[in-house]
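S.K.: My structure is below; once you've seen it, I'll send some questions.
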Amino acid sequence: MASGRGGFCGSWSKGGYSEGMNTKDQCAKCGHPELIPGVRVICKVEGSDQDVQLRFDCDPHAVFFKRAQRSVLTACICARCGFTEFFVNDPASLYSAYRESQA
Ligand SMILES: [Zn+2]
């Protein structure tokens with residue numbers, strides 16, 4: 001028997017959410033079936049590529065400990081019209097930060 005980790009968040013471990021435009025396998029704009037998933041969104045910092053992240057602060061008014069949650073941004077691009085959708089790789093952590101900020 002393989003020592004499986006039952007219930008270990010399998011769908012996320014493959015980064016599956018960033019591998020498809022929305023839930024369909026075609027462009028949301030023009031319907032073209034050829035998409036480029038998992039495109040990194042890059043900014044240059046002192047000559048090296050850095051992934052762009054989105055950040056949500058649990059406590060934005062705090063002076064020091066804003067308790068920021070961050071998630072890397074990726075894109076899925078249509079090979080015909082260039083329409084681009086963005087995804088974060090960990091929306092759940094941003095959402096929990098948002099919920100905390102509302103408490
Ligand atoms: Zn398109």
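S.K.: Take the conditions hydrophobic (A, V, I, L, M, F, W, C) and within 14 Å of the ligand (Cβ to nearest atom) and apply them to L94. Does it pass?
M.R.: Details: hydrophobic (A, V, I, L, M, F, W, C): yes; within 14 Å of the ligand (Cβ to nearest atom): no.
No: the conditions fail for L94.
S.K.: Examine segment 67-90 for a residue that is over 30 Å from C30 (Cβ atoms) and of a type in the set (F, W, Y), and state whether such a residue exists.
M.R.: no
S.K.: Mind checking which residues of segment 25-37 are in contact with a strand residue (DSSP E or B) (Cβ under 8 Å, 6 or more places away or on another chain), exposed (fewer than 15 other Cβ atoms within 10 Å of the Cβ) and either hydroxyl-bearing (S, T, Y) or free of Cβ contacts under 8 Å to residues at least 40 places away in the same chain (or both)?
M.R.: Correct list: D25 only.
Every number here is computed from the coordinates shown, using simple stated rules; none is lab data. Everything numeric in this text was worked out from a predicted model, so none of it was measured. Note: ideal-geometry Cβ built from the backbone for every residue, glycine included; neighbour counts use all protein chains shown.
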